Amino acid sequence: MKIKLALFIPLIFVAIGSHAQLLYKIEGKDLQKPSYIYGTIHIMPKKQFAISESITTALKECDALVMEVDINMDLKTKIDAAQRSMLPNGKTIADITSAENAQKIRQFCIDSLHWKESKYVRMSRLTPFFLTSIILQDLIGKSKSFEVELNKFAEKNKMTTLGLETIQMQMDLVNDVPYEEQIKLLLEGLTTNNSEYNTMLNCYLKQDLNKLGELMNDAELSPEFNANFLVKRNQNWIPQISKMVQEKPIFIAVGAGHLPGEQGVLKLLQEAGYTVTPIN
């Protein structure tokens, strides 16, 4: 099974081992209090969403919530992010692909998603990647996000919120993928009837990271994109995490695929001298 680009952002996974967990305690290097790191799935059907007691307990021990991006953005940043999700110079999907491809995408949105023509016209101004993300959300239906819900917890409990990078950095990485490749993956994704997402979601719920690793190894993504989106970002995060955990106990929530592997955050933290322990 080939995994499409649409699923890479919500479900970035690599195998870590048969007894892997999603929540880990960070200790060592004379830390006064432990910190925690949790592997998230960025979008999940509402009926299957839950924040476990172990996550809540860990959060209550921390002073700050740290995510890939601090979603508490000012208006200027939100506007800039919205602009980066759109095709330049007022272009639409029809301007960057063949008439046949554009019609297939339009027809799917109108026939399968029951969009009105006016909605498709608006959405067709998005880059193929972000249009694919919108389509995925519609296919999933009512959903919840760990980032949003964890942020609500932080706000309620007066926790500081921080980001490991800016939204601009994250979106620029995605936008570096050529439109032609984005269109190809979008079209392929329209034929799967959401089955790939459901397969990956089931693996996540079972914490079957070995299976998730197999799926991600088949991802139709260039080695350069994988290196930039996973490896380099993981490496860039370690100095920031090291500084933060020395200052106060923090709860880190990042896409699960950033945690495992030889270049994963868990291994990099261990190499930096920290003890990383899985928590059930």
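The values are calculated or read from the model by the stated rules, or taken from the named source; none is laboratory data. Being a predicted model, the structure only gives us computed values, none of them experimental. Cβ sites come from the backbone with ideal geometry, for glycine too, and all protein chains shown count toward neighbours. Each accessible area value is taken on the protein alone, full model and side chains, heavy atoms only, with ligands, DNA and RNA left out. Shrake-Rupley method; radii C 1.70, N 1.55, O 1.52, S 1.80 Å.
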So ASP172 fits all but one of (1) in contact (Cβ under 8 Å) with a residue 40 or more places away in the chain; (2) in contact with a strand residue (DSSP E or B) (Cβ under 9 Å, 6 or more places away or on another chain); (3) in a helix (DSSP H, G or I); (4) of a type outside the set (Gly, Ala, Ser); what number is the exception? (2)
Which numbered condition PRO239 fails, given (1) modelled with pLDDT of 95 or more; (2) over 11 Å from LEU164 (Cα atoms); (3) open to solvent by 10 Å² or more (accessible area, probe 1.4 Å): (2)
Quick check on my filter: what residues within segment 140-179 are modelled with pLDDT of 90 or more and charged (D, E, K, R)? LYS142, LYS144, GLU147, GLU149, LYS152, GLU155, LYS156, LYS158, GLU165
Could you list, in sequence order, all residues of segment 88-103 that are within 27 Å of the chain's Cα centre (by Cα) and open to solvent by 80 Å² or more (accessible area, probe 1.4 Å)? LYS91
Residues that are of a type in the set (D, E, K, R), over 21 Å from SER54 (Cα atoms) and not in a helix (DSSP H, G or I), drawn from segment 235-280: GLU262
For VAL245, which of the numbered conditions (1) surrounded by 19 or more Cβ atoms within 10 Å (Cβ to Cβ); (2) closer than 29 Å to PRO45 by Cβ; (3) at pLDDT 80 or above fails to hold? (2)
Considering only segment 128-139, I want to know if a residue exists there that is part of a loop (DSSP other than H, G, I, E, B) and either open to solvent by 70 Å² or more (accessible area, probe 1.4 Å) or at pLDDT 95 or above (or both). no
Among the residues of segment 53-87, how many are polar (S, T, N, Q), farther than 16 Å from THR161 by Cβ and either within 19 Å of the chain's Cα centre (by Cα) or open to solvent by 50 Å² or more (accessible area, probe 1.4 Å) (or both)? 3
Log entry, pairs with first residue in segment 82-96 being touching a residue at least 60 places away in the same chain (Cβ under 8 Å), second being in a helix (DSSP H, G or I) and open to solvent by 70 Å² or more (accessible area, probe 1.4 Å), beta carbons closer than 6 Å, six or more apart or on different chains, reads ILE96/TYR179
Close pairs (6 angstrom Cβ cut-off, 6 or more residues apart or separate chains): without any contact (Cβ under 8 Å) to a residue 24 or more places away in the chain in segment 264-280, in a strand (DSSP E or B) and surrounded by fewer than 20 Cβ atoms within 10 Å (Cβ to Cβ) anywhere: GLN270/VAL276
In segment 182-207, which residue that is of a type outside the set (A, V, I, L, M, F, W, C) and open to solvent by 60 Å² or more (accessible area, probe 1.4 Å) is modelled with the lowest pLDDT? ASN193
Does LEU215 fit the bill of being in a helix (DSSP H, G or I) and modelled with pLDDT under 70? yes
Of all the residues that make up segment 26-52, how many are open to solvent by less than 40 Å² (accessible area, probe 1.4 Å) and part of a strand (DSSP E or B)? 9
Of the residues in segment 104-120, those that are hydroxyl-bearing (Ser, Thr, Tyr) and either surrounded by 16 or more Cβ atoms within 10 Å (Cβ to Cβ) or not in a loop (DSSP other than H, G, I, E, B) (or both) number 2
